[in-house]
Amino acid sequence: APEKALGQIAIGLAADADLFLTMAKLRAARRVVTRVAEACGAPATAAAKMSFTASTSERMMAKRDPWVNMLRTTIACAGAAFGGADAITVLPFTWALGQPDAFARRIARNTHLVLQEESSAGRVIDPAHGAWYVEALTDQLAAKAWELFQGIEAKGGMAKALETGFIQGEIARVAETRAKSIATRTAELTGVSAFPMLDDDGVTVSPHAPFDPIVKGGISIAPLTPLRLAAPFEALRDAADAHKIKTGKLPQVFVAALGDPAVHSIPTTWISNFLAAGGIEAVVSEPLHNS
């Protein structure tokens, strides 16, 4: 019966570096589950027994300057906690590179503890309650999720929606918009497209073991390929590294610093970071004056 089944079901969601969106997503998910329980004739108390888990997103992890991933996973963990997740898994900061070592695992494990003991993340049941922005965002997400849920049901359920390519199309549409924002730096990725590190970050790991699942039978659908947001910029950095291996240095661009430092420091810093995002080193001149 639905009332008994709900208490034996766990829902897993991804948490990323958008603190407020992660909070709202968890809160909206609970609303949708309560609505599903209601539609099935189960009491709201049955939906409250469901377990909500969160894992920090693989999509947001970067290979370059992976130390910044610690900030990303900490924000994601906090957002999941504030959103009411019952259990949270934090990926090690070197996850995008390969197998985590003891230090990376320790940091991942202790992220929860620091938030719990030093930030008192578990002392308030719903810290976002009453905040207009989060409440409005939660309402919007819940309404859109319910609309999407009904659309999937109308198409015959998730299996049919995958078989017809509906789910893949929806994901691709959103991914294309997000990728354009990142490529044009409308949405910045710290340590990747903003404030990148050209020097060696000092991180070395062993690669992940190969994973090749064997699927027999079932239906055939278009695959959903995992994507990381930083991957296009990392491809540029890889090309720059290949150039360095051949020539002994990274691609370089001369930047003329016109005027005193107070005049040129902002534009020269901006262009240096802009070029570094693609693995290009800016060679900034000494201050140049007309006289």
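The values are calculated or read from the model by the stated rules, or taken from the named source; none is laboratory data. Source: prediction; values computed, not measured. Every residue, glycine as well, gets a Cβ built from its backbone with ideal geometry; the counts of neighbours run over all protein chains shown. Accessible surface areas use protein heavy atoms only, side chains included; no ligands, DNA or RNA. Shrake-Rupley method; radii C 1.70, N 1.55, O 1.52, S 1.80 Å.
Results, tabulated for the structure shown:
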| read-out | value |
| --- | --- |
| Given (1) at pLDDT 95 or above; (2) open to solvent by 60 Å² or more (accessible area, probe 1.4 Å); (3) in a loop (DSSP other than H, G, I, E, B), number of the condition LYS180 does not satisfy | (3) |
| Selection from the range 188-224 of residues that are more than 22 Å from GLN168 (Cα to Cα), of a type in the set (Ser, Thr, Tyr) and open to solvent by 50 Å² or more (accessible area, probe 1.4 Å) | THR190, THR204, SER206 |
| Single unsatisfied condition, ILE152 versus (1) β-branched (Val, Ile, Thr); (2) open to solvent by 60 Å² or more (accessible area, probe 1.4 Å); (3) over 21 Å from ALA96 (Cα atoms) | (2) |
| Whichever residue in the range 225-279 is aliphatic (A, V, I, L, M) and part of a loop (DSSP other than H, G, I, E, B) and, among such residues, is most open to solvent (accessible area, probe 1.4 Å) | LEU227 |
| Test set (1) β-branched (Val, Ile, Thr); (2) farther than 18 Å from LYS144 by Cα; (3) crowded, with 17+ Cβ neighbours inside 10 Å - ILE9 fails condition number | (3) |
| Qualifying residue in the range 65-79 (condition: surrounded by 18 or more Cβ atoms within 10 Å (Cβ to Cβ), basic (Lys, Arg) and modelled with pLDDT of 95 or more) | yes |
| Residues of the range 82-103 that turn out to be open to solvent by 30 Å² or more (accessible area, probe 1.4 Å) and farther than 23 Å from HIS208 by Cβ, as a count | 3 |
| Which listed residue, of ALA37, ALA29, ALA46, ALA42, is open to solvent by less than 50 Å² (accessible area, probe 1.4 Å), at pLDDT 95 or above and either at negative phi or in contact with a Pro (Cβ under 6 Å, 6 or more places away or on another chain) (or both) | ALA29 |
| Residue check, ALA222 part of a helix (DSSP H, G or I), among the small types (Gly, Ala, Ser) and either touching a residue at least 24 places away in the same chain (Cβ under 8 Å) or under 30 Å from THR164 (Cβ atoms) (or both) | no |
| Filter result for LEU115 (under 26 Å from LEU198 (Cα atoms) and either surrounded by fewer than 14 Cβ atoms within 10 Å (Cβ to Cβ) or not aromatic (Phe, Trp, Tyr) (or both)) | no |
| Failed condition for ALA282, given (1) in contact with a Gly (Cβ under 7 Å, 6 or more places away or on another chain); (2) in a strand (DSSP E or B) | (1) |
| Filter pass, VAL205 being touching a residue at least 24 places away in the same chain (Cβ under 8 Å) and aliphatic (A, V, I, L, M) | yes |
| Hits in the range 71-89 - residues which are of a type in the set (A, V, I, L, M, F, W, C) and out of contact with any helix residue (DSSP H, G or I) (no Cβ under 7 Å at 6 or more places or on another chain) | LEU71, ALA87 |
